Amino acid sequence: MGMKIMMVASEAVPYAKTGGLADVSSALSRALSEHGHDVSIFMPLYSFIPSGQFKEEAIVLDIPLGFETFRIRIFRSNLGDSRVRMLFLDHPLFSGRSGLYGDSGSHTYRDNHIRFALLCRGALEAARKLDMVPDIFHLHDWQSALLPAYLREYAGTGALAGAKTLFTIHNIGYQGIFSKQDLHALALEWDAFSRNKVAYDDSINFLKSAILHSDHITTVSPTYAVEIMSSRFGEGVESLLAERSGAVTGILNGVDYEEWNSKKDPFLPAPFESRNLNGKAEAKQKLQKLAELDADPGIPLIGMVGRLADQKGFGELLDEEKGALRRILDSGPVQIVILGTGASWIESRLLDLAAAYPALRLFLTFSDEMAHLIEGGSDFFLMPSRYEPCGLNQIYSLRYGSIPIVRATGGLADTVIPYREGSSTATGFSFAESDPDQIVECTREALDLWRNRPDVIAGIRKRGMEAHFSWDDSALRYEELYLRLTSR
Ligand code: ADP
């Protein structure tokens, strides 16, 4: 029998997106709905969401928080052509602002704690008043992390009885940390954030609240689920997570193979698949031309796409002394194309390097078209992340026959089977540590094989192209968890 699931999230494609969370909330909801469940997504009605066609629910909810009462309205729609119900919380705290979390740039709104507390309480009240009490509230990242603490207040009232909470961590680097002084504005006591009513911490941490009070916690790959319980990856909440290790599960994200399908990708010059790679050769040629590189099929081409951030390994790639990028470029005929936007120190180091090495080409912009062409036209795809909760680009690159070279961490470790001499299962190359020497060594090994053992490379590429990471499979794993939580 189908379950009632209410996702509470700050982002969902196509309405609002700053990161992978937006893809997950929509794609997972669609897959669950196709499996016969009744799925809603509860999210803010941001000013930039065109709401002309939405239907307003005939209720007005007054939500008290601290000394104020916030009057919210709810708008309803469907997610595209699916049966997923969209519920939008309308309040000037969202509709009166230009951004999601802040105005352009890195400024964040000072009242984000109140805005997202309102999202959590609004979801609970809307579920109750609209008679949509779900079996599961599925929450995503710190913006919806207070919901389990608020849900406790309904215990004993009969309202929302039986609703369970599942909290998904998409990136533990973002926790929702606010000043202690803000506690009263959230209408919560300290035990929402720590094990008793005593304030151990100097600040309020939304993520901690969800770790303490959710019925279950997931993150977006099995390896990341283990890593975040260690001090190296846990960003300060590792011991809290470790205490709940029995309630922590890693479930890999799927990818949208409608968008990432080399057999019908409008951004590629010709379609291709694992059995016929002529189109891939055309993509490489087009990419070399666009990047103003030698259009020589005999030179291996390495692609990179992503945010220019420390997380993605640019410290190791660009280190003044030991930087891996320069050493790879020095090690023989090779071309490198990088697409990305982000930290200005990374941009400027990259620009310096590109000025010295014509075989390095940069596209410092956001471009879907270039992302697809780089995935299609590269021989290898480099992703030396320091940490990677799941990662999508390496999965796209597998499908597009650009053999991934990755640091074995998080989702990278779970999606790329590394080459070892004589192995017949490999889909890519990986190295253990965030270390320039290891990046260089691993990349050189891959390039050597490409030059000297095309048969081995062809096998790795073929297996990668035939690997499958679908939302359907991920949805099944979430369903199993929901069933366990509701003891069905
Ligand atoms: P993260 O979520 O940490 O940024 P992922 O690999 O999980 O990394 O997902 C990044 C997504 O954003 C991918 O879909 C990738 O193609 C896209 N992306 C990142 N930077 C760019 C860019 N400059 N141009 C086009 N797409 C980009």
Exercise for the section: State yes or no: is L449 modelled with pLDDT of 95 or more, under 18 Å from R307 (Cα atoms), more than 20 Å from the chain's Cα centre (by Cα) and away from the ligand (no atom under 13 Å from the Cβ)? Expected result: no
Exercise for the section: Within segment 284-301, count every residue that is touching a helix residue (DSSP H, G or I) at 6+ places or on another chain (Cβ under 8 Å) and within 16 Å of the ligand (Cβ to nearest atom). Expected result: 2
Completion exercise
Across (1) out of contact with any strand residue (DSSP E or B) (no Cβ under 8 Å at 6 or more places or on another chain); (2) surrounded by fewer than 23 Cβ atoms within 10 Å (Cβ to Cβ); (3) among the hydroxyl-bearing types (S, T, Y), S470 clears everything bar (1)
Practice task
Go through (1) under 18 Å from the mean Cα position of the chain (by Cα); (2) among the polar types (S, T, N, Q); (3) more than 16 Å from the ligand (Cβ to nearest atom) and name the single condition Q438 misses.
Solution key: (1)
Exercise for the section: Kindly indicate whether T443 is out of contact with any strand residue (DSSP E or B) (no Cβ under 7 Å at 6 or more places or on another chain), of a type in the set (V, I, T) and more than 25 Å from K263 (Cα to Cα). Expected result: no
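Mind checking which residues of segment 155-183 are assigned to a strand (DSSP E or B) and within 19 Å of A9 (Cβ to Cβ)? Walk me through how you get there before you give the answer.
Here is the first cut: in segment 155-183, the ones assigned to a strand (DSSP E or B) are 164-169, 177-179.
Across segment 155-183, the qualifying residues are K164, T165, L166, F167, T168, I169.
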Practice task
Could you please tell me which pairs satisfy a Cβ distance under 8 Å, a separation of 6+ or placement on different chains, a first residue in segment 445-459 that is surrounded by 17 or more Cβ atoms within 10 Å (Cβ to Cβ), and a second residue that is of a type in the set (S, T, Y) and not in a helix (DSSP H, G or I)?
Solution key: A446/Y419; L447/S331; L449/Y419; V456/Y419; G459/S424
Practice task
Identify, by number, the condition in (1) within 19 Å of Y150 (Cβ to Cβ); (2) assigned to a loop (DSSP other than H, G, I, E, B) that G80 doesn't meet.
Solution key: (1)
Practice task
Quickly run through segment 44-76 and pick out the residues that are touching a Phe, Trp or Tyr at 6+ places or on another chain (Cβ under 6 Å), surrounded by 18 or more Cβ atoms within 10 Å (Cβ to Cβ) and in a strand (DSSP E or B).
Solution key: P44, I63
Handout entry: Residues that are surrounded by 21 or more Cβ atoms within 10 Å (Cβ to Cβ) and in a loop (DSSP other than H, G, I, E, B), drawn from segment 192-236
Key = F193, S214, V220, S221, I228
Handout entry: Residue that is farthest from the chain's Cα centre (by Cα), among those in segment 226-270 that are within 16 Å of the ligand (Cβ to nearest atom) and of a type in the set (A, V, I, L, M)
Key = L268
Practice task
Report, ordered by the first and then the second residue, all pairs with beta carbons closer than 7 Å, sequence separation of six or more or different chains, a first member in segment 373-388 that is under 19 Å from A281 (Cα atoms), and a second member that is in a loop (DSSP other than H, G, I, E, B) and within 12 Å of the ligand (Cβ to nearest atom).
Solution key: L373/F267; E375/Y400; G376/Y400
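Yes/no per residue for (1) among the basic types (K, R); (2) touching a strand residue (DSSP E or B) at 6+ places or on another chain (Cβ under 7 Å):
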{"residue": "V39", "(1), (2)": "no, yes"}
{"residue": "V60", "(1), (2)": "no, yes"}
{"residue": "L79", "(1), (2)": "no, yes"}
{"residue": "H91", "(1), (2)": "no, yes"}
{"residue": "G102", "(1), (2)": "no, no"}
{"residue": "L119", "(1), (2)": "no, yes"}
{"residue": "R128", "(1), (2)": "yes, no"}
Problem - Residue list for segment 268-296, filter: part of a helix (DSSP H, G or I) and either of a type in the set (S, T, N, Q) or surrounded by 15 or more Cβ atoms within 10 Å (Cβ to Cβ) (or both) - result: N278, G279, K280, E282, A283, K284, Q285, K286, L287, Q288, L290
Practice task
Return the pairs, sorted by first residue and then second, in which the second residue is of a type in the set (S, T, N, Q) and outside any loop (DSSP other than H, G, I, E, B), the first residue lies in segment 18-41 and is farther than 17 Å from N78 by Cβ and near the ligand (Cβ under 10 Å from one of its atoms), the beta carbons are less than 8 Å apart, and the residues are 6+ apart or on different chains.
Solution key: V24/T168
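The values are calculated or read from the model by the stated rules, or taken from the named source; none is laboratory data. Computed from a predicted model, the values in this text were never measured in an experiment. Cβ: placed from backbone, ideal geometry, glycine included. Neighbour counts: every protein chain shown.
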